[in-house]
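The values are calculated or read from the model by the stated rules, or taken from the named source; none is laboratory data. The model shown is predicted, which means the values in this text are computed figures rather than measured ones. Cβ coordinates were reconstructed from backbone atoms using ideal geometry, including for glycine residues, and neighbour counts include every protein chain displayed. With ligands, DNA and RNA removed, areas are computed over all heavy atoms of the protein, side chains included. Shrake-Rupley method; radii C 1.70, N 1.55, O 1.52, S 1.80 Å.
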Amino acid sequence: MPVSSQGVTVVALLADPDTPTEIAQRMAGTLPDRLADKSGQGGRFDVEVVSEPFTSGTEDPPTLMRRIMDRGSAENWDIVVALTDLPLHSNGRRLAVNLNREHGLALLSLPSLGGLRLQTRARRAVEEAVLGLAGPQTTGAEGPPRSQPLLGPFVNRLAPIHPGQSGEKETDDLRYAVSGPRGYLRVLAGMVRANRPWRLVPGLSKALAAALATGAVATVNATVWSLAAYLSTPRLVIAMVGSVAIMIGWLIVDAELWHRAPGSSPEARQRARLYNASTVVTVGIGVLVCYVGLMVINLVWALFILNDQLFASVTRTPLHAAEYLTLSWFVASVATVGGALGSGLESDEAIRAAAYSKREQERRRTLQDDHGDKPSK
């Protein structure tokens, strides 16, 4: 890869807005020194961060690579590494990195890094991509220079794929894909992390208000005391799972969060299954956080309001720590069902904003516009 006339390799981090931009900005300060140290050739690097929605309206990797190529050709950049928080697919494969040695381009899908230590993994992936593109080139008998497999902690578990294996237009020299059940779970975890499911809790203010009101009333209800006192642990678990499932299903159906494949191709169906799985996990984590919060609040309320003599006279069971815990657990399940009904008061847009990242919201709005879906209520 050629360098600028001053002997400095100019690296552009072209990042989608929101999480990708935040990650790029955090690594930009230390990246030049790290690249210089790892290059081992006395090289110098200058890193720029450019925040642009380059994935707007498309998830097609060849199209994205052409956009990156056009963007890079208009600037004085030697290497362009593009970061997006959308999962990328090609011929049934979940892509992690696309490389184009001839033009010094790399496209990194952040969900392929998983949900843990994202900043560290992203930095390592960018370093390996830049060093691979800046390193010596090898040229075949015909055609442009070809990228050699990268060596490093990020790619040691990825499968390198040359473009001839996919039958697509050659917008890149080499691709890395995650494969197998572990690869699927890694991408799924990355998508859920990008959605930040904990934001769903404040986004369901009306549902939480309904759940808290339901729990407050149920805690002082004698019939609920009797039921809780004689419920076995398996039944309490069933009540918890059932109430959480009802809440998750109600939110997904009422707010129209379920993704329908825009086409009948296997890749479109695979992509839809992945998006729906991330939706269920995202909403599920948010609901579980709400459930635990309700259980704690109900326990505090029960400790404050219940009278041990009255409770014992109704249930014929002394009011000890186990009874407080069982009652709070059961009331949390009852309150969660009440919260599901209260969630109908929330606007669909408010729930989507709480459950999804900005890029995911934009992607869904684009699909709605393209396919003429009915507007949300």
Dividing the mean separation of Cα pairs under 8 Å (6+ apart) by the residue count of the stretch 170-285 yields a relative contact order in percent of 38 percent
Label model pair VAL300, SER232: point-to-point distance (7 angstrom along the Cα→beta-carbon line) in nm is 3.4 nm
Probe 1.4 Å, heavy atoms of protein chains only: per residue, the accessible area of the stretch 11-123 in Å² is 37 Å²
Probe 1.4 Å, all chains present, heavy atoms only: ILE285 accessible area in Å², nearest 10, is 70 Å²
Averaged per residue, the 1.4 Å probe accessible area of the stretch 206-356, protein heavy atoms only, in Å², is roughly 47 Å²
If amide H atoms are modeled at 1.01 Å from N in the peptide plane, then the residues at a separation of 5 or more from VAL10, or on another chain, having amide H under 5 Å from its own are SER4, ASP46, ASP78, ILE79
Under the Karplus relation with 6.51, -1.76 and 1.60 and θ = phi - 60°, whole-Hz ³J(HN,Hα) for the stretch 274-287, x at Gly and Pro, equal 5, 5, 5, 4, 5, 5, 4, 5, 4, 5, x, 5, x, 5
Heavy-atom accessible area of the stretch 28-99 with neighbours in place, 1.4 angstrom probe: carbon+sulfur share in percent works out to 40 percent
With label points set 7 Å from each Cα along the Cα-to-Cβ direction at TYR184 and VAL50, the distance between them in nm comes to 3.8 nm
Heavy-atom accessible area of HIS320, protein chains in place, probe 1.4 angstrom, given in Å² to nearest 10, is 110 Å²
Expected unfolding gain across ALA268-ALA312 under the 0.36 nm per residue rule, minus the alpha-carbon gap, is 9.9 nm
Reported to the nearest 10 Å², GLU323 has, with a 1.4 Å probe, an accessible area equal to 40 Å²
Ranking TYR184, TYR230 from most to least accessible area with a 1.4 Å probe gives TYR230, TYR184
